[in-house]
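J.: Sharing a structure, written as structure tokens. Questions coming.
The values are calculated or read from the model by the stated rules, or taken from the named source; none is laboratory data. Keep in mind that what you see is a predicted model, and the values were worked out from it rather than measured. So basically every Cβ, Gly included, is an ideal-geometry build from the backbone, and we count neighbours across all protein chains shown. To get the accessible areas, we keep the full protein, side chains included, count just its heavy atoms, and leave off ligands, DNA and RNA. Shrake-Rupley method; radii C 1.70, N 1.55, O 1.52, S 1.80 Å.
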Amino acid sequence: MLNYKTTIKENKSYSDLEMKEIKPIMKLIIRGKTKDFITAIGKNLNMILPTEANTSTSSEALTALWLSPDEWMVISNKTISEETNTYEVEGNLINNISKANLGAVTDVSDQFVMINIKGSKVFDLFATGSPFDFNEFKNKKGSVVQTILSHIDVIIHLTEINNVNLFVRRSFSEHLYSWLNDSASRL
């Protein structure tokens, strides 16, 4: 985060729709599948990882998104300091998971951009560029999906009804944000 340069320059508002980048947010990918891994993660994060596909769990400080049977993205619930690239959570996980050969921990904070989109037209916007059927998804708080939006891989997390966090790789974020704005202006 020390040399953090955003590709998204401004927040946008449309009728019943608001979009903005949330930064900086710690994002870690953790992988493992043994019982010892799950136990160690629970102790280090003070939360249980979601084991059901396309769900999430949260504590006061962190949220874990299920990505596959042995992979999760752990994000901070609040923005963090731009003055550092080190996170206490990451250090604890590396010491107690990676160094203990229980699993892998990878910092992807600079790889993914998190865009918050809220409003009653969120899923109308997604329907214009995604093949995913959001009908059930949009009513289950904590739902997670990995899908395509305007030909770009994204992870979408439903934090509240009509409020999502969208994760996109930094290299595609400017293009996707441009597409989101163009599509939102036509709703």
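J.: Show the residue pairs that are 6+ apart or on different chains and have beta-carbon atoms under 6 Å apart, the first residue being within the range 49-73 and over 21 Å from residue 147 (Cβ atoms), the second being part of a loop (DSSP other than H, G, I, E, B).
T.: 59/46; 59/47; 61/77
J.: If you go through the range 14-38 one residue at a time, how many are outside any loop (DSSP other than H, G, I, E, B) and open to solvent by 90 Å² or more (accessible area, probe 1.4 Å)?
T.: Number satisfying all stated conditions: 4.
J.: For residue 27, indicate whether it is closer than 21 Å to residue 158 by Cβ and touching a residue at least 24 places away in the same chain (Cβ under 8 Å).
T.: Criteria met by residue 27.
J.: Take the range 90-110 and flag every residue that is in contact (Cβ under 8 Å) with a residue 60 or more places away in the chain and open to solvent by 40 Å² or more (accessible area, probe 1.4 Å).
T.: Selection gives 100, 102, 104, 106, 107, 110.
J.: Could you tell me whether the range 111-128 includes any residue that is open to solvent by 70 Å² or more (accessible area, probe 1.4 Å), acidic (Asp, Glu) and either without any contact (Cβ under 8 Å) to a residue 40 or more places away in the chain or within 26 Å of residue 7 (Cβ to Cβ) (or both)?
T.: Looking for residues that are open to solvent by 70 Å² or more (accessible area, probe 1.4 Å), acidic (Asp, Glu) and either without any contact (Cβ under 8 Å) to a residue 40 or more places away in the chain or within 26 Å of residue 7 (Cβ to Cβ) (or both), one finds at least one in the range 111-128, hence yes.
J.: Which one of these does residue 1 not meet: (1) part of a loop (DSSP other than H, G, I, E, B); (2) open to solvent by 40 Å² or more (accessible area, probe 1.4 Å); (3) at pLDDT below 95?
T.: (2)
J.: Taking the criterion of being out of contact with any Asp or Glu (no Cβ under 6 Å at 6 or more places or on another chain), closer than 18 Å to residue 22 by Cβ and part of a helix (DSSP H, G or I), would at least one residue in the range 78-94 satisfy it?
T.: Within the range 78-94, one or more residues are out of contact with any Asp or Glu (no Cβ under 6 Å at 6 or more places or on another chain), closer than 18 Å to residue 22 by Cβ and part of a helix (DSSP H, G or I).
J.: Just wondering, is there one or more residues in the range 163-181 that are at pLDDT 95 or above, loosely packed, with under 14 Cβ neighbours inside 10 Å and aliphatic (A, V, I, L, M)?
T.: No: the range 163-181 contains no residue that is at pLDDT 95 or above, loosely packed, with under 14 Cβ neighbours inside 10 Å and aliphatic (A, V, I, L, M).
J.: Which residues, taken from the range 129-155, are open to solvent by 10 Å² or more (accessible area, probe 1.4 Å), within 23 Å of residue 28 (Cβ to Cβ) and in contact with a Pro (Cβ under 9 Å, 6 or more places away or on another chain)?
T.: 142, 147 - these are the residues of the range 129-155 that are open to solvent by 10 Å² or more (accessible area, probe 1.4 Å), within 23 Å of residue 28 (Cβ to Cβ) and in contact with a Pro (Cβ under 9 Å, 6 or more places away or on another chain).
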